[in-house]
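Data block below; observations after.
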Amino acid sequence: MVNLTIDDTQVTVPKDATIFDAAKAAGIRIPILCHDKKLQPFGGCRMCLVEVEQMKGRQIPACTTPVTEGMIVRTTTDEIVKARKLVLELLLLKHPIDCPVCDAAGDCDLQNLTYEYKVNLNRFQDEKFQHQIDYENPLIERDMNRCIHCGKCARICDEIVSYGAYTFMNRGIEAKIGTEFDGPLNCEFCGSCVSVCPVGALISRPFKFKARWWALNKVKSVCSYCGTGCQLTLGVKDGKVLTTIYDENQGFHNGQLCTRGRFGYQFVNSDKRLATPLIRKNGVLQQASWDEALTLVAAKLAEAKNAGGKAVAGLVTARLTNEELFLFKKLFKDGLGSDNIDHSAGYAHAALTAGAMESFGTVASPAAISDIQASDLLLVVKTDAYETHPVLGFEINLGVKRKEIDLRIISDKRGKLAKLPKAVTYVHKPGQEVALVNALAQVILAENLQDATATGIEGFEALKQQLADYAPENVAATCGLDADAIKNLARDYAKAAKALIILPLGLGYPGHGKALAQAIANLTLLTGKVGKEGCGVLYLGEKNNSQGAADLGVYPTAGGADADAIMTGCLNGSIKTLIVAGENPVVSYPDRKRVEAALDKVEFLVVQDLFLTETAAKAHVVLPACSFAEKGGTYTSVGRAVQRINQAIKPVGEARSDFAILNGLVASLTGSAPYADVAAVFAEIAATVPAYAGLSLAELGDTGAILPVTIKPRFVPAGAAVIPVESGKLALVTGSALYHCGTMSRFGEGPMHVCPEGYVELGRDDARALSVKEGDTVVVKSASGELKLKAKVGTRMPQGVVFAPYHFGEASVNSIAAGAAVTWVSISK
Amino acid sequence: MSNAPAEEIPTADIDLALANHVIDKYLTLPGNLMPVLQGIQEEYGYVPKPTIDLVAERLNIYPSQIYGVLTFYAQFHLKPRGKFIIRVCVGTACHVQGAPRIVETFFDKLGIGHAETTPDLRFTFEKVACLGACGMAPLAMVNDSTYGSMTVQKVGEIIADYSQRPMKK
Ligand code: SF4
Ligand code: SF4
Ligand code: SF4
Ligand code: FES
Ligand code: FES
């Protein structure tokens, strides 16, 4: 620690602190323009000049100068004020004073500092820049005339996002921030650059001219897309969510978001939102009142209950709040006497609810997000982890680039993560994950690399026997990897002092289920790499509340029908009533034809949703539900973080929250009084779900809490399914596109601007062999159907493997994929 | 940064074999970006866009950063250059001796401006700062040949002369 004096205040700070950090710790504000706490020190703007007595009053930048013992710093002398005024005058020389039409006004560091330092006239004169403004881009408007050359956009895109879209181009007076060949911006559109731009040079186009910054009501919430659980701030005016606002003090991610969180909010106020309940009359869905709709639903449910509850089932999305999921489960368990409930098609949560449950004795990740940067080696299963959970991808980028954490990737394709320095990617044949992970475990045993604790864990002998079949030499050919490569990877993992495994889950990843989770668990238990900092497994649940749905047991726990059995039940008539809350099985569950047939067959289908989805269109009753912005509650995200969302706007149209709908149904079917509010349900969760014990909604505050986890380890041998290879065919693997999450992002303007439709991605060799070029429409044919998709050609896919994202309703990939890890297809023009 | 194997990016008319060869040569050299770009310029006479994407992919550097480097250093050219590079000095001595008229005359006769190239790729014209031979002001150069005491008439002669020379190497 170092002691110094700043403006007569004594401060003690760590020795790697800068003067700026020290001043901040002492509560003294030093103005900055180019500095950002997330980025490496830059020292370009000279706004943060201070005087240090030991340097004879010389002015030095506070943001780059490290503290030294006994330093005496002055942050605001007359000389410094003069110098800062000069900096501002020089910037204003070129900067257009178009604040009246600039969206940054009110949130602009240059404007605020000009005001603070009373720079009301300029001693100098110069022509303004005449750069062309990029009005074309649908999401980010770039006006380089307003740019003050702080470099933050280029640095964040490089250091954290690792996309590197911008650079300083040209020299001297012509220098400006631009892209390659000064062309259009064609990037990930995470908006990080817009967030950190201190002026209005980069602005959010969808928000342009929507509202003045100071007129926005700012409401803290949590992103409702993926399981990362990024905190965000909604900018609200006149009952509408108009933008997301960057707050660098929110969350582990310092306010950074991905394109879905940043630009995907428009679904909230989409004009496609359902306005009223609908009831099917004479075969057509017609507007109805809530009274009529709820009376009908309650009556049908009462009938189902009286018939014994066997013939009623429920599918719910893991996007609902914990409180809503709790009510959903209660409706079935206590209200209807049925255990036929599930979410995420069953397989997309099995890694947690079956895999982790049997291996670790818990349904949660035995690791937290903070373990990413605390580790020595990250083993990522599929480069897709970046696409499914982009902001966790930023954490991986940071860990690998700044902390020099080793990165190992096993994947059926290459991807962005594979480009990181020190990344070693093992591209294996699709669907071979379990065999490969088993082989790693076998090497660890064969080479005696296991931890001393391993032999004491239940099931060790059985595992050892089972693994004997998985010697690298045995699986190398099927996995498409060298036996030596497998051995090296096993050694690297075993020998790292701390290692964390990252496993994305989701509807697009049918192979990431129980067996893979168990094979991975065995690996961590064998090497003693679980239950310690920087170790364990991070299961990346697909949806914002996937972890909550697992915690609350929203799946059959007493022998009821799971998602797949529910579909079968609908088809064979044993399930007659089905409630679907927020799920869209027609598009996202395997085998679209079968799902459609099942839903057409069921006698009474109720759908609660924001939109008239492909599934809702088949319903007998449709109930308009609220988005995350219209309600309060909690989500539990990756790494067991339970966080609050807050109501930002009144319900859109006549929509009611799933909480309100379910609370009413529970009361009417159980005959008990409805819960008073969300807090009351949260209290009951805290009282009944052990991990949530002792928590209260009020105490969660803005930061939330990390739930405790205890593990009861057990080795469970995981058998690798045999993937039948069809020669002459291509292996289709499904998954997530970076710009989307589930099927909801289709209603967000942002993601749809960037990625409007499904596609099939091929490697260059396959594309050449098929004479397919980027943008061609191709026919993809499998045993269960065929589909027309646009082709994308790139370097990600190895020969013989093609990829398609699953989010899209039209040409949905489940029309050709029926839930196998690999679907064999042929492609023609 | 991990270096990727040679990868072919299909383009209409740029033969990437030359660029791949240059990259192969410097692949393991630390700080190889400058020599690679210089080598590519040597081969093609300028740095074609497809070669930037190739370098980006093989050296694992952002294309934007390469573009930043290329536009920072005056030595790099992003467009094809003429076979004959005409440079007219506009330094102080040459300016006083009438360089502006020489420049104007070249502009007129060639139909191109500063740092531009004729469509037939024969001439590129550039204004340059003092070439260090002020005694010969006003001064012009065509590739490595120097022409002192330039006059409007000499401009015509130079253009006529170089218009007849063969385009092949
Ligand atoms: S939006 Fe994101 S990826 Fe695109 S330039 Fe900005 S920071 Fe980079
Ligand atoms: S665009 Fe904004 S963030 Fe980027 S250099 Fe200019 S002022 Fe800084
Ligand atoms: S989609 Fe996921 S990664 Fe992106 S902002 Fe939302 S929670 Fe964060
Ligand atoms: S903030 Fe310190 S130099 Fe810019
Ligand atoms: S000014 Fe032209 S050569 Fe010196």
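The values are calculated or read from the model by the stated rules, or taken from the named source; none is laboratory data. If you're wondering where the values come from, they're calculated on a predicted model, not measured in any experiment. Neighbour counts are summed over all protein chains in view; Cβ atoms, including those assigned to glycine, are modelled from backbone coordinates with ideal geometry. Calculation scope for accessible area: heavy atoms of the full protein, side chains included, ligands and nucleic acids excluded. Shrake-Rupley method; radii C 1.70, N 1.55, O 1.52, S 1.80 Å.
Protein chains only, probe 1.4 Å: how do A:396, A:72 rank by accessible area, largest first? Write down the numbers at each step before the final one.
On the way: A:396 5, A:72 50 Å².
Putting A:396, A:72 in descending order of accessible area: A:72, A:396.
Using heavy-atom solvent-accessible surface (probe 1.4 Å) with all chains present, what is the largest-first order of A:726, B:42, A:69, A:684?
Values: A:726 80, B:42 150, A:69 115, A:684 60 Å².
Output order, biggest surface exposure first: B:42, A:69, A:726, A:684.
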*Return one quarter of the surface area of the convex hull spanned by the alpha-carbon atoms of region A:2-76, equal to its mean projected area, in nm².*
4.3 nm²
_At 1.4 Å probe size, what's the solvent-accessible area of residue B:13? Round to the nearest 10 Å²._
130 Å²
*Sorted by accessible area (1.4 Å probe), largest first, how do A:768, A:592, A:656 line up?*
A:768, A:656, A:592
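How much area per residue is accessible in region A:2-76 when the probe is 1.4 Å and only protein heavy atoms are counted (Å²)? If you can, show how the numbers build up before the last one.
Working: 3600 Å² over 75 residues.
On a per-residue basis, region A:2-76 sits at 48 Å².
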*Would you tell me the accessible area of residue A:45, worked out with a 1.4 angstrom probe on the heavy atoms of the protein chains, in Å² to the nearest 10?*
30 Å²
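Cα-Cα over 31 Å: which of A:176/A:240; A:529/B:25; A:422/A:788; A:329/A:712?
Working: A:176/A:240 36 Å; A:529/B:25 43 Å; A:422/A:788 39 Å; A:329/A:712 26 Å.
Long pairs (Cα-Cα over 31 Å): A:176/A:240; A:529/B:25; A:422/A:788.
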_Karplus-derived HN-Hα couplings along region A:802-818 (A = 6.51, B = -1.76, C = 1.60, θ = phi - 60°), whole Hz, x at Gly and Pro_ = 10, 10, 9, x, 9, 5, 8, x, 7, 6, 6, 5, 6, 6, 10, 10, 10
_Solvent-accessible heavy-atom area per residue, rounded to whole Å², over region B:6-72 at 1.4 Å_ = 46 Å²
*At least 50 Å² accessible surface lost relative to isolated chain, residues of region B:61-99 (1.4 Å probe)*: B:62, B:64, B:67, B:71, B:72
*Calculate how steeply helix B:49-59 sits against the longest principal axis of the alpha-carbon atoms of chain B, using the helix alpha-carbon long axis, and give the answer as 0 to 90 degrees to the nearest 10.*
40 degrees
*Please give the total accessible area that chains A and B bury against each other, computed with a 1.4 Å probe and expressed in Å² to the nearest 100.*
1700 Å²
*Magnitude of the Cβ-charge dipole of the protein assembly as shown, K/R +1 and D/E -1, about the Cα centre, nearest 20 debye?*
940 debye
*Specify the angular offset, from 0 to 90 degrees and rounded to the nearest 10, of the alpha carbon long axis of helix A:433-446 from the longest principal axis of the alpha carbons in chain A.*
80 degrees
_5 Å binning of all Cα-Cα separations within chain B, expressed as whole percents from 0 upward_ = 1, 8, 16, 17, 14, 12, 11, 9, 7, 4, 1, 0
*asked:* Keeping all protein chains in the complex and leaving out DNA, RNA and ligands, what accessible area do you get for residue A:163 with a 1.4 Å probe, in Å² to the nearest 10?
replied: 80 Å²
*In nm, give the distance between the simple-model label positions of residue A:769 and residue B:79, each being 7 Å from the Cα along the Cα-to-Cβ direction.*
4.3 nm
*Roughly how many Å is it from the Cα centre of region A:35-110 to that of region B:120-169, as a whole number?*
49 Å
*region A:186-272: equivalent-ellipsoid semi-axes (sqrt of 5 x gyration tensor eigenvalues, Cα, Å)*: 18, 16, 14
_Chain-alone versus full-assembly comparison, region A:176-224, residues with accessible loss of at least 10 Å² (1.4 Å probe)_ = A:180, A:181
*Measure out, as a whole number of angstrom, how far apart the alpha-carbon centroids of region A:170-215 and region A:265-320 sit.*
44 Å
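Sequence gap at least 6, Cα distance under 8 Å: using those rules, report the relative contact order of chain A to the nearest whole percent. Display every interim value, and only then the final one.
Values: 1892 pairs, mean separation 113.7, N = 829.
Computed value for chain A: 14 percent relative contact order.
Per residue, how many Å² of accessible area does region A:265-305 show with a 1.4 Å probe?
On the way: 2070 Å² over 41 residues.
On a per-residue basis, region A:265-305 sits at 50 Å².
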*By how many degrees, 0 to 90 and rounded to 10, does the Cα axis of helix A:658-670 deviate from the longest principal axis of chain A?*
30 degrees
_Can you give me the C-alpha center-to-center distance between region A:374-431 and region B:49-66, rounded to a whole angstrom?_
21 Å
*Cα shape, region A:350-540, gyration tensor, a/c 1.5 rule*: rounded
*Return the ratio Rg/(2.2 N^0.38 Å) for the protein assembly as shown, where Rg is computed over Cα atoms only.*
1.06
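What net charge is computed for the residues neighbouring residue A:629, neighbours being all others with C-beta under 12 Å from the C-beta of residue A:629, Lys and Arg scored +1, Asp and Glu -1? Show your work: numbers first, answer last.
Working: positive: A:220, A:240, A:273, A:631, A:650; negative: A:630.
Local charge sum for residue A:629: +4.
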*Could you give the dipole magnitude of region B:11-114 about its Cα centre, charging the beta-carbon of Lys and Arg +1 and that of Asp and Glu -1, in debye to the nearest 20?*
360 debye
*So what J values fall out for region A:552-561 if you push phi through Karplus, 6.51 cos²θ - 1.76 cosθ + 1.60 with θ = phi - 60°, rounded to Hz, Gly and Pro as x?*
8, x, 7, 6, x, 10, 9, x, x, 7
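Which semi-axes, in whole Å and largest first, does the equivalent ellipsoid of region B:84-164 have when worked out from the alpha carbon gyration tensor as the square roots of 5 times its eigenvalues? It would help to have the intermediate numbers written out before the result.
Working: eigenvalues 74, 29, 27 Å².
Calculated on Cα positions only, the semi-axes equal 19, 12, 12 Å.
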*asked:* Counting only protein heavy atoms and a 1.4 Å probe, tell me what percentage of the protein assembly as shown's accessible area is made up of carbon and sulfur.
replied: 52 percent
